[in-house]
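Participant: Okay, here's the structure, questions in a sec.
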Amino acid sequence: QVQLVESGGGLVQAGGSLRLSCAASGSIFSINAMGWYRQAPGKERELVARIGSGGRINYADSVKGRFTISRDNAKNTVSLQIDSLKFEDTAAYYCNAYILPVGSVRFEDYWGQGTQVTVSS
């Protein structure tokens, strides 16, 4: 069984910083892309940042220059450094990974349980 566990959310003032982390564990054969999505109340879940197994990175336009995604392939972890936080960054942040489980023949999407980021003015 594969699990993604996030940590690092919280309440922070506008302009502040936060670091989110996500660890994938379980019967994992290989991990392709890893990334972060967010969902604010009343809005659809949106991609924030994604990093491929080879290191290729994509960011949402709204976070470019403020968010930095990184991963440690040896530890099956992905992190999101969030700087210059804005009120509109308030959302539940979800870790996502495209994983090939041991014994499986296809990659599947896995999600973490979500971690709340709240930005106060």
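Values in this text are rule-based calculations from the coordinates and carry no lab data. As the structure is a prediction and not an experimental result, all values here were calculated from the model. Methodologically, a virtual Cβ is constructed for each residue, glycine included, from the backbone with ideal geometry; neighbour enumeration extends over all protein chains shown.
Participant: Hey, what did the chain get for relative contact order, percent, Cα under 8 Å, at least 6 apart?
Facilitator: The normalised contact order for the chain reaches 36 percent.
Participant: For the pair residue 113 and residue 19, how long in nm is the line joining their label points, each one 7 Å along Cα→Cβ?
Facilitator: Going by the 7 Å Cα→Cβ label model, 2.3 nm.
Participant: Measuring from the lowest to the highest alpha carbon on each principal axis, how far does segment 13-104 reach, largest first, in angstroms?
Facilitator: Here the spans come out as 44, 26, 20 Å, largest first.
Participant: Check cross-link reach from residue 75 to the lysines: straight Cα distance under 27 Å, and skip same-chain residues fewer than eight apart.
Facilitator: The qualifying lysines are 64.
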